[in-house]
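These notes concern the structure reproduced below.
The values are calculated or read from the model by the stated rules, or taken from the named source; none is laboratory data. Please read these numbers as outputs of a predicted model, since none were measured by experiment. Here the Cβ positions follow ideal geometry from the backbone for every residue, glycine too, while neighbour counts run over all protein chains shown. The accessibility values were calculated without ligands, DNA or RNA, using every heavy atom of the protein model including side chains. Shrake-Rupley method; radii C 1.70, N 1.55, O 1.52, S 1.80 Å.
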Amino acid sequence: MSMFIVPSDQPEEGKVEKVIIIGGGPAGFTAGLYTARAQLDPLLFTGNDIGGQVALTYEIENYPGFPEGLSGNELAERFQKQAEKFGTRVEYDHVLEVDLSQHPFTIRTQFEKTYRAEALILAMGATPRKLQVPGEAELTGRGVSYCATCDGFFFRDKEVVVVGGGDSALEEGIFLTRFASKVTIIHRRDQLRASKILQKRAFENDKIEFIWDTVVTRINAGENGAVASVSLKNVKTGEEYDFPTDGVFIFIGHIPNSQIVEGQLEMEDGGYIKTNCFGHTSVPGVFAAGEIQDHRFKQVSTSVGQGAMAAMEAEKFLAELEDKSYEDVKEEVLAAGLLPA
Ligand code: NAP
């Protein structure tokens, strides 16, 4: 028998919440689902990118339980609906500051609100890495894009380039062939990082061509102020030339959105939050899940699993806190070797 829990009223500033979840992607909403079902009345902050990266993906084929595939947006909506059904309170607000120096932990948001929580689950995900070449920032939205699902439609019968050699570049490049007359994938090496199945599909697609061993050094505008070409450099021969294009789609990996806890939690290279295998961070009571801490798998299915793990560990932590002080529970967590090595 399923049980519906009516969410409590609007969150009260200053009240100490049991658990606050930062991030509204697969990891965050799964943590919401689990902590809500554990009667912890979770409060979840979506940030500005509701649904996370998955919501921008045209089609998800490898999330178990959906053999026909489904759109990333639909999957994200289902995650939220299920978390809310059991009582997760969702705030459409962006967390700007986190203070982990005192327990309960404090967060401050872009709407200038302050909240406190006994446990925190960090699931802020990651954002697309930029090429950092001249023209990129100025031409974003005028031909430069990081989201084929959002912008592909504007390139009907046009020629576009895709930068990158991973799963995202190939998957999004294949998707762009629905609109563009030609998609040229520019990769800095002569071997792709992408999975074999995507490589096969891309090689078999008549609309896709590759330029190997080549980097983009500049993105150039035409007279209309929109992208007209990219300047390229072959890293083996040193040859430099301009390549005409109407659009530049950049898929060269992601940077974790961990800036708000920088200096407060131990981090891996590249800004990933260090966790143990159960999602504990270096501060007892603070857990992390999904791409904010995962530089290896980065799948919707793994983020969901990590969200569930972090929630279950938060539940245990909060149960311990019921009749002990934070300092005592902290000692226990340290003694149990639960902090990341
Ligand atoms: P990724 O696997 O890190 O690939 C990034 C690509 O961009 C690499 O080919 C890399 O080149 C290239 N690159 C990095 N920095 C560059 C720069 N400054 N200039 C030019 N090229 C640069 O990132 P991703 O493709 O976004 O995938 C991220 C994760 O999500 C992966 O684990 C992937 O498997 C997963 N994913 C899975 C699916 C799926 O299962 N269908 C779909 C999308 C993503 P090098 O190869 O030379 O390093």
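Out of the strands (runs of 3 or more DSSP E) lying entirely within the stretch 222-341, which hold 2 or more residues that are surrounded by 21 or more Cβ atoms within 10 Å (Cβ to Cβ) and within 16 Å of the ligand (Cβ to nearest atom)?
247-250
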- Message: Consider the stretch 230-255. How many of its residues are under 13 Å from Arg188 (Cα atoms) and in contact (Cβ under 8 Å) with a residue 60 or more places away in the chain?
- Response: 3
- Note on the structure: Within the stretch 75-109, residues being open to solvent by 70 Å² or more (accessible area, probe 1.4 Å), more than 24 Å from Pro284 (Cβ to Cβ) and among the polar types (S, T, N, Q) number 1
- Close pairs from the stretch 272-287: first not assigned by TED's automatic domain parsing to the domain that holds Ala27, partner among the acidic types (Asp, Glu) and open to solvent by 30 Å² or more (accessible area, probe 1.4 Å), Cβ under 9 Å, at least 6 apart: none
- Note on the structure: Within the stretch 137-172, residues farther than 29 Å from Gln299 by Cβ and within 16 Å of the ligand (Cβ to nearest atom) come out as Ala137
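Regarding the stretch 209-217, can at least one residue be identified that is open to solvent by less than 30 Å² (accessible area, probe 1.4 Å) and in a loop (DSSP other than H, G, I, E, B)? So that I can check it myself, show each step before the final result.
Taking the stretch 209-217 first, the residues open to solvent by less than 30 Å² (accessible area, probe 1.4 Å) are 211, 213-214, 216.
Of the ones still in play, those that are also in a loop (DSSP other than H, G, I, E, B) are 213.
Yes: the stretch 209-217 contains one or more residues that are open to solvent by less than 30 Å² (accessible area, probe 1.4 Å) and in a loop (DSSP other than H, G, I, E, B).
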